[in-house]
Amino acid sequence: MVMKTSESGATTVVLSEFTWENIKQPGAYIERETGHLYRLPPEALLRGSSPVISRLSSNQTTFVKLSDDPNTIVSKLRTIAADADVKPNF
């Protein structure tokens with residue numbers, strides 16, 4: 001997460017965006033198009049093992065990382081999403 005301050009003093013939140021295939025770190029992610037929350041613990045991303053979570057879609061979607069901690073409380077994740085102009089659906 002990057003905080004940017006404009007000349008007027010307003011602060012905006014810039015979050016990292018990923019495709020499903022490019023998510024390599026645990027955390028809490030929101031699907032930009034649907035607002036669905038995905039919690040990815042470290043064990044879900046272990047290399048060389050079967051994925052704990054799989055997602056199949058014919059559409060390319062964007063995921064925004066809300067937190068490094070997949071167990072962050074929902075109210076905080078909603079606030080982070082809203083601050084980044086991503087509408088949560090959770």
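The values are calculated or read from the model by the stated rules, or taken from the named source; none is laboratory data. Just so we're clear, the structure is a prediction, and the values are computed from it rather than from any experiment. Cβ sites come from the backbone with ideal geometry, for glycine too, and all protein chains shown count toward neighbours.
In the range 1-54, how many residues are modelled with pLDDT under 90 and among the basic types (Lys, Arg)?
Residues that pass the stated criteria total 2.
Which of the residues belonging to the range 37-52 are out of contact with any strand residue (DSSP E or B) (no Cβ under 7 Å at 6 or more places or on another chain) and either surrounded by fewer than 10 Cβ atoms within 10 Å (Cβ to Cβ) or not aliphatic (A, V, I, L, M) (or both)?
Of everything in the range 37-52, those that are out of contact with any strand residue (DSSP E or B) (no Cβ under 7 Å at 6 or more places or on another chain) and either surrounded by fewer than 10 Cβ atoms within 10 Å (Cβ to Cβ) or not aliphatic (A, V, I, L, M) (or both) turn out to be Pro41, Pro42, Glu43, Arg47, Gly48, Ser49, Ser50, Pro51.
Can you pull out every residue in the range 55-71 that is among the polar types (S, T, N, Q) and either assigned to a loop (DSSP other than H, G, I, E, B) or at pLDDT below 85 (or both)?
Hits for the range 55-71 are Ser57, Ser58, Asn59, Gln60, Thr61, Thr62, Asn71.
Taking interchain pairs and intrachain pairs at least six residues apart, which have beta carbon atoms under 9 angstrom, with the first residue in the range 53-64 and loosely packed, with under 12 Cβ neighbours inside 10 Å and the second of a type in the set (Val, Ile, Thr) and modelled with pLDDT of 80 or more?
As it stands, the answer is Gln60/Thr19, since those pairs meet every condition given.
When the range 72-87 is examined, which residues are found to be in contact (Cβ under 8 Å) with a residue 40 or more places away in the chain, surrounded by fewer than 17 Cβ atoms within 10 Å (Cβ to Cβ) and either part of a loop (DSSP other than H, G, I, E, B) or at positive phi (or both)?
Across the range 72-87, the qualifying residues are Thr72, Lys87.
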